[in-house]
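Since the structure comes first, as structure tokens, the remarks are kept for the end.
Nothing in this text is a laboratory measurement; each read-out follows from the coordinates by a stated rule. Just so it is clear, the model here is predicted, and its values are computed rather than measured. Counting neighbours? That spans all protein chains shown, and the Cβs are built from the backbone with ideal geometry, glycine included.
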Amino acid sequence: MTAVAAPSPPATRPRPVPWTKLVWVTWRQHRMALVGVTVLLGGLALYLLIMGLKIHSGYASVTSCHPARSSACQLASNLFTNDYHPTAQTLTGFLLAVPVLIGVFVGAPLLARELETGTFRFAWTQGCGRLRWVITKLALLAIVVTSASYMFSLLFSWYYQPWLAKGLDGVLAPQLFALRGVDFAAWTLLAFALGAIAGVLIGRTVAAMAASLAAWAGLNFLTALFLRKHYQAPLVVKGASPSNTNPPWVFGQWYTGPNGAVVSQHTVRNVAAHAPASVQNSHNLNAVTAYLAQHHYTQWWVYHPESRYWHFQFIEGGWLLALSLILLAATVWLVRRRAA
Amino acid sequence: MNVIETSGLGKRYGRTWALKDAALAIPASYVVALVGPNGAGKTTLLHMSVGLTTPTTGRITVVGSETAGSPAALDQIAFVAQDAPLYKNLSTADMLHLTRNLNRRWDQQRAEARLKELNIPLDRKVGRLSGGQQAQLALTLALARRPSHVIADLERVADYLIVLSRGQVQVAGEVEELMAVHSMLTGPAAAADDVTERLAVVHARRAGTVAHLLVRNGPDPAPPGWEASPVSLEELVLAYLREPGATALPGPRPRATQDSGIRA
């Protein structure tokens, strides 16, 4: 061993391994997952495209029907709705699970499989260093799955548009809200981030998938049920149900009695039961409401008007994006400090 | 320059110390084997040298004064982990391609030549290679990175570890040397005697277990602080097998009053 008299000055840092090489690594190792995402989204997109074209042409013939008020046109419109609308609604229920499927199947194995099979001892001791390695993989896959699901949700919006134009559904309705705008993509990103951090924390692929799936579903459920309606103070109106072109998002209603206090539904039913037969047998619900109003029973509604749609989309997209970025940053930090 | 330098290095898992108070300096240009019974902390030490494990106490620096596990350090050190953990679903060729893209330097020709020599087909999936072939592939990948130093954790194969460190690694020569050190402790001991020449044996006390450091001298005389003495390998191995703690071999004669740990 040669003794060196003076310590040599630190050599200039070698240029790091270029990102482009790590992009190839990411592609090579995750192409099966990406092919899976492509097959899933591509298959569904094909279905949406075919059905969407049918629905749009059907809708065009319904809107071009003259005179629009004629019973023939009404019948055609109803037949069109009955043909396609139930299927479209069933489909939305299924599509709600797509973000978590994509996110968890791409995100959870990313680190869990390395830890499970021990290959992290290979991957993390290469010249590029584990920090670059994990940042490239997370960033690239996050961008790919998020943009793919965003494009898919654009297609879905187009597919579903006739029903919104007909005023059959409200854009703030929980199912539709999560499938359109930026929400679908944001929930996909969150699923991916949850999968990634569960992977590094748990270190087992299947367990990480289950954990991130559960966390995502819980968060999604709580958001749709409790959190979303608090993004803005809801509107409260009395009288007939609030309505414009599309149904608003109504999530509360009650009656107040003659003294202004809230009364139970039981009381309201009792009052309505004393209404004359002409009112009780009327097919028009407003007749009952009018009868109740005459007896100083007022109906109140709590709702968000559909004009708040984009406001709500950006609030939810914003916090989902922030949460996802925090989770991804935490994942990088955990990889960096992880001592196996 | 020291390839690995530690002081007061310790690692605790829960209440158990895997390694405790290890003071060690492994100079470059030496082939060093680390021998010890199960649980002596060999793997822990090597994992700490490449940043896979963080020390509980003390510090460890590599290739001069680089942080263990930093890209600058890993650029010069190729690590071969126990059990050759490679991607089983990739083909050998893809494994080469992958490793090439994870490193700054890469010698594709040497890697391919070595695999050809070993009859390891490029188009076969890594998972379908035999265990020995996978170990050879892992070693080939490490050497094709043209590292200055190789740290190989071959415990499962050879029941001991080898740290191979030299100024410049020449693929063919280094592997031979590595394999020679390998076989000298696993194969017929007498046949390996000529490989041994001189071995300095250092032992360290740690929580009741003992780790030995076997050093095959390089061309230079032993560095300050190292005790070099001729010893036959048979003697060494037998002594080691008899009682790792009460070895008949010459131990370290530290000059300073360091109290414990692996000494250089």
Just the number, please: Stokes-Einstein D of the range A:207-290 in µm²/s, Kirkwood Rh from C-alpha pairs, 25 °C, 0.890 mPa s. 147 µm²/s
Rounded to the nearest whole number, the per residue volume of the convex hull around the C-alpha atoms of the range A:19-231 in Å³ is 128 Å³
Based only on Cα atoms, what Rg/Rh ratio does the range B:83-146 have, Rh being taken as Kirkwood's radius? 0.91
One computes Rg over Rh for the range A:1-138 from alpha-carbon atoms, with the Kirkwood Rh, and obtains 1.37
Obtain the radius of gyration and the Kirkwood radius of the range A:245-340 from its C-alpha atoms and give Rg over Rh. 1.38
Rounded to one decimal in nm, the spacing of the 7 Å Cα→Cβ label points at A:Trp24 and A:Val39 is 2.7 nm
Please list, or write none, the lysines whose alpha carbon is within less than 17 Å of the alpha carbon of B:Lys116, excluding same-chain residues fewer than 8 places away. B:Lys125
How large is the Kirkwood hydrodynamic radius of the range A:100-174, in angstrom, based on all distinct alpha carbon pairs? 15.4 Å
Hits among lysines - C-alpha to C-alpha of A:Lys166 under 22 Å, sequence gap 8 or more where chains match: A:Lys54
Under a crude label model (7 Å from the Cα following the beta-carbon direction), how far is A:Cys73 from A:Ala272 in nanometres? 3.3 nm
If each K or R counts +1 and each D or E counts -1, the residues other than B:Ala144 whose Cβ falls under 11 Å of its Cβ total +4
Hydropathy at least 1.6 by Kyte-Doolittle, axial extent at least 18 angstrom from the Cα trace: which helices of chain A, defined as entire DSSP H runs, fit? A:183-202
When a footprinting reagent is the concern and you count Cβ atoms within 10 Å, what order do B:Asp21, A:Asp83 take, fewest first? A:Asp83, B:Asp21
In Å and whole numbers, how far do the C-alpha atoms of the range A:109-238 stretch along each principal axis, longest first? 66, 28, 24
